[in-house]
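Some notes on the structure that comes next.
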Amino acid sequence: MIPAAARASGACWMDPSVEKVGGARTLLMHGDTLCTDDHDYQAWRRTARSREWQQEFLAKTLPERRKALEALREKSREVVGAKPAEIMDVNDSAVREALRMHGLTRLVHGHTHRPARHALEVDGRRCERWMLPDWYERGGYLAIDDAGPRLVSF
């Protein structure tokens, strides 16, 4: 389902999306759907993506929405701080299934924001998963050119 905010703004929703990047078909994802061990987050995600919740949220005034978002961010910081790190990371089986389902060997995602390249094998194929950095205190991106993919931080 396309989130109401994307639909209202005319934005193109691309999660997940298969794009040709640097000559290779690449699966691009936010990455949160791969965190299948974090059951509380997945339940919240279903709620926040529901048409009813979005309509109720968008019916609020802008100041009310800002206040609600700040409260949600604060709650998220508290909840994340109390969870074991391993359940908040992507699930290896979910990663493999996403690559298998799309028939690809490269996945690029964010969400957990621990930048790295992970090599793995899926059904006898060598694959790679690139995790993008966050933009809170530093910045970064994945550059893909003739030299191949590499994480760039600034």
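The values are calculated or read from the model by the stated rules, or taken from the named source; none is laboratory data. Because the structure is a prediction, the values reported are computed rather than measured. Here the Cβ is made from the backbone with ideal geometry for all residues, glycine too, and neighbour counts use every protein chain on show.
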Restricting attention to the range 119-140, the residues that are loosely packed, with under 14 Cβ neighbours inside 10 Å and either touching a strand residue (DSSP E or B) at 6+ places or on another chain (Cβ under 9 Å) or acidic (D, E) (or both) number exactly 7
Members of the range 34-52 that are under 21 Å from L99 (Cβ atoms), within 14 Å of the chain's Cα centre (by Cα) and in contact (Cβ under 8 Å) with a residue 40 or more places away in the chain: L34, C35, T36, D38
Among the residues in the range 102-110, are any over 27 Å from W44 (Cβ atoms), of a type in the set (S, T, Y), in contact (Cβ under 8 Å) with a residue 24 or more places away in the chain and not assigned by TED's automatic domain parsing to the domain that holds W44? yes
Just checking, does the range 96-114 include any residue being touching a strand residue (DSSP E or B) at 6+ places or on another chain (Cβ under 6 Å) and of a type in the set (S, T, N, Q)? yes
Which pairs have Cβ atoms under 8 Å, sit 6 or more apart or on different chains, and link a residue in the range 68-96 that is in contact (Cβ under 8 Å) with a residue 60 or more places away in the chain to one that is among the basic types (K, R)? V95/R129
Give the range 8-26 a look and list any residue that's modelled with pLDDT of 75 or more and over 17 Å from G148 (Cβ atoms), or say none. D15, P16, S17, V18
Only residues in the range 122-135 that are touching a residue at least 24 places away in the same chain (Cβ under 8 Å) count as the first member; pair them with residues that are aromatic (F, W, Y) and surrounded by fewer than 17 Cβ atoms within 10 Å (Cβ to Cβ), Cβ under 9 angstrom, at least 6 apart or cross-chain, and list the lot. L132/Y141
Members of the range 53-67 that are touching a residue at least 24 places away in the same chain (Cβ under 8 Å) and over 30 Å from E97 (Cβ atoms): Q55, L58
Only one of (1) of a type in the set (D, E); (2) under 16 Å from the mean Cα position of the chain (by Cα); (3) outside the structural domain of D15 (by TED's automatic domain parsing) is not met by D134, so which one is it? (3)
Flagged in the range 58-90 as surrounded by fewer than 13 Cβ atoms within 10 Å (Cβ to Cβ), closer than 30 Å to T26 by Cα and either touching a Lys or Arg at 6+ places or on another chain (Cβ under 6 Å) or β-branched (V, I, T) (or both), in numbering order, are V80
So S93 clears everything in (1) closer than 18 Å to L120 by Cβ; (2) among the hydroxyl-bearing types (S, T, Y); (3) crowded, with 17+ Cβ neighbours inside 10 Å except one condition, right? Which one? (3)
